[in-house]
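Each reported figure results from applying straightforward, stated rules to the coordinates on display, with no laboratory input. Quick caveat: nothing in here was measured; it's all calculated off a predicted structure. Here the Cβ positions follow ideal geometry from the backbone for every residue, glycine too, while neighbour counts run over all protein chains shown.
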Amino acid sequence: MIGRRSLLGGLALGAGGLLSGCDRLNASPGFRGLLQGAEQLHYRSQRLIAGSGALAREYGRADMSPLFRVNGSSGPTSAAYAALAANSFADWRLLVDGLVARPLRLSLSDLGRLPQRAQITRHDCVEGWSAIGKWQGPQLGPILRVAGLSSRANFIVFHCADESNGVPYYESIDLNDALHPQTILALLMNDHRLPVPHGAPIRLRVERQLGYKHAKFVMRIEARERIDDLYLGKGGYWEDRADYAWYAGI
Amino acid sequence: MSDEPSLDLQTARLAPHGGDLVVRHRLATRLWHWVNALALIVMLMSGLMIFNAHPRLYWGHYGANPDPAWFEIGARGNHGFARLGSLEAPATGVLGVWRDVAGTVQRRAFPYWATIPSRYSLADARLWHLAFAWLLALGLLGFMVASLVNRHFRRDLTISRAEIRPAHVWHDIKEHARLRFPTGAAAARYGILQKLSYVGVIFILLPLIILTGLAMSPAMTSGWAWLLDIFGGRQSARSLHFIATVGLVAFTVVHVVMVLLTGPHNQMRAMISGRYRVPLERAPQG
């Protein structure tokens, strides 16, 4: 029979050892590298299962969140952005450059004149909450085609107007997501001009990935061959800053 | 006592006597038991840290701070609480508000000693959770295949009509409540409560927790839309994921207590090397 005192003592020792052991493993680059291998497993298996064209669920008006909360930053603080916003972004131009044959400078009305896709979709935050809203804007794919995407391009990078600690927010997706029919640059949200807290003037929608990939306040879209030589090399602000996964399908 | 071996009519195997050393658990069972135990501990602790990022649960397709939550853990000033529906319980010191190792007051749902990592990091928690998920799922799959092939499920977990009679189940519950556990040959088999629990964990709780996990993935549900349909939405899946967690924790507590009460050294040896000393038959009473 195990005595109660030795049992409790053993449990406490075991628990304490488990705790500090796990924290130490968490800090070990070797062990983290092993765990990070799962990201490739997710990327490959989910692309296999979802295929290249599988659509995220789209909902009806009745399914929409009564109140769609704001995620991430609620607005860039730079004077430049404030000036653009004050003039309803009439002076704002979206730069599309990098590995493209014909760099573009598109205004809000240019984007509005392109064929629009409206979609009522579910926004899943990495924190765990979800909100359903309606987004409308041109698809990214046709814009990249007009710009003449180079065959050397592997990633599309979104440079944003907001920044934290002097580091600008940015995100990146692969071509499979970039050319997906539900990947749009949203101009309208819930049938109104996209409000500043939700990412004005345009917000990226990448409906098969978690919320932090949906870049807000997009200023420039850049086609690149690689993303490991940009900023801290992990392909996005949160990836660089806190080691979130670049592939956010799960 | 007769020296004649007794025949188990169901399988025509020789039934063991008290005092015999038998192989109780197959290799596949033992391997999976420990891999699964490790995986579940990591999944629980990393899962609690993930929950800390948004400690509210909803039903349906959407759910965020402006929406009504059926369950939440939170803090009002320095008072921590857990709320289920309209029932709220104070939890200061354990949930919602607690002191960390350094003695600093922290406002988060689950405390440092229950989470991986012990300090707040949603990214790190996901790193552990989503990697060990593969170990959990592939382990279960491997165990299921092995147990079909080696007939473990058929021989040891199938429930007979006689066993599932309410009178028999009730009798077993009463015996357990009295801490009177089977001896002799009966101790080398799973009783009805064990069979129900193990079948419940292997075929209901574990698959449920895996599928609800997948249902929270925007990529998986674009390929497998049925994941959203069977659970009634992503937030319902998240709630069910948490409820399945409670089920697994409850099972584990009862399981560990039972191991401690039925000869832990013998039980642990049986689950490591397979060898189990059949408990001696109880002397007849009265």
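Some values worked out for this structure:
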| quantity | calculated |
| --- | --- |
| Inter-chain shielding of A:47-59 (mean C-beta neighbours from other protein chains, 10 Å cut-off) | 4 |
| Mean residue ellipticity (222 nm) of the protein assembly as shown, computed from DSSP H runs ≥ 4 via -39,500 (n - 2.57), nearest 500 | -12500 deg cm²/dmol |
| Straight-distance crosslink candidates among lysines, where the alpha carbon sits under 20 Å from B:K174 and sequence neighbours closer than 8 are dropped | B:K195 |
| 9 Å beta-carbon shell around A:Q209, net charge (K/R +1, D/E -1) | -1 |
| Charge dipole (segment B:218-286, unit charges on Cβ, about Cα centre) - positive-most of B:A250, B:G233, B:S273 | B:S273 |
| Nearest-20 debye value, chain A charge dipole, Cβ charges on Lys, Arg, Asp, Glu | 420 |
| Computed FRET value (nearest 0.05) for B:N65 with B:A167, which takes r as the C-beta separation and R₀ as 45 Å | 0.30 |
| Dipole magnitude of the protein assembly as shown about its Cα centre (Cβ charges: Lys, Arg +1; Asp, Glu -1), debye to nearest 20 | 760 |
| Cβ neighbours within 10 Å from other chains - mean over B:252-265 | 1 |
| Tilt relative to chain B, helix B:27-52 - C-alpha long axis, 0 to 90 degrees, to 10 | 20 |
| Charge tally in the Cβ shell below 10 Å around B:G223, where Lys, Arg are +1 and Asp, Glu are -1, B:G223 excluded | +2 |
| Label-point separation, B:R30 to A:A27 (7 Å along Cα→Cβ), nm | 3.7 |
| For A:H159, net neighbour charge (Lys/Arg +1, Asp/Glu -1) across residues whose Cβ lies under 12 Å away | -2 |
| Sorted peptide list for B:132-138, A:66-72, B:148-154, B:206-212, criterion being average Cβ within 10 angstrom, highest first | B:206-212, B:132-138, A:66-72, B:148-154 |
